[in-house]
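Worksheet for the structure shown next.
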Amino acid sequence: MQKVPTIQYTNLFDHHNTMMNKIADFKAYIDNIEKCKNFIKNSKPGETLKVNKWIRTDYHNTICSEHRTLCHEECFLNYNDSHGTSFFNNCACMNAQKICKTCGCNSEQHVHKHEKPMIEISSIDQMLDSCSINDRSSSENILKALEAKEKKLILDLVEIESNINSISPKYQISKYLIKAVEHLRFQIESEKDPNKLGELQNTMAIYQRLAKGMQS
């Protein structure tokens, strides 16, 4: 087998890490977009909505990139923003079996970030400001703008995948997403907790949406 220079492996890892960060951002963004869409369609004047917001911190925190949860605030480990490693096995969020006590994931799904999630009560205008939606002349225009934002995120992922393909032609993030959907289906079938079930179903829907967008 032909050897690949170490620098290419480094570039591949960097691109993959960027991809995983983008997917995590996509999930959080889509969740807020869906809340916006439902709010616009069903809300009454003066109503507010709960949105996911990330605030900067002076210290780094252990975050689950899968569930976007704060698993260990102000982590004592050295800063590490890489996905897919065993680095976080030594984080305080892990139990004796190296499973996170907060999100239930293993080390590979965790990353350090200088931010933490918060649920914020927001007006629809504040939410649209955060999404940079300027044309609010009609509900139809707002919904179109939100969908355009979603498509832009998918195009960003496609561009990153294209960069990875130049190093590793067999790399396809859509295949990873399809496998993730299959895994989530098994989890959904056995999950008894209604809250966790809803979260799993929401995550699966986002992965399906993302995989479809990248394949089209």
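Structure summary
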read-out	value
Cα-based reach from Lys41 at 17 Å (exclusive), listing lysines while leaving out same-chain residues under 8 positions away	Lys50, Lys144
Chain lengthening between Lys175 and Leu143 when straightened (0.36 nm per residue, less Cα-Cα)	8.6 nm
Residue-wise HN-Hα coupling along the range 147-159, computed from phi with Karplus coefficients 6.51, -1.76, 1.60 (Hz; x: Gly, Pro)	5, 5, 4, 4, 4, 5, 4, 5, 4, 4, 5, 4, 5
Cα convex hull volume per residue for the range 49-122 (Å³)	79 Å³
Stretchable slack from Tyr59 to Glu74, in nm (0.36 nm times residue separation minus alpha-carbon distance)	4.8 nm
Cα-based reach from Lys212 at 14 Å (exclusive), listing aspartates and glutamates while leaving out same-chain residues under 8 positions away	Glu150
Highest-first arrangement of 149-158, 26-35, where packing means the average Cβ count within 10 Å	26-35, 149-158
Semi-axis lengths, Å, the chain, gyration tensor of Cα atoms, sqrt of 5 times eigenvalues	30, 23, 18
Extension gain, Arg185 back to Glu159 (0.36 nm per residue minus Cα-Cα distance, nm)	6.5 nm
Interchain or long-range residues, amide H under 5 Å from Glu115's placed H	Thr57, Asn61
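Laboratory data are not the source of any read-out in this text; all were calculated from the coordinates shown. Because the structure is a prediction, the values reported are computed rather than measured. No Cβ is skipped: glycine too gets one built from the backbone with ideal geometry, and neighbour counts run over all protein chains shown.
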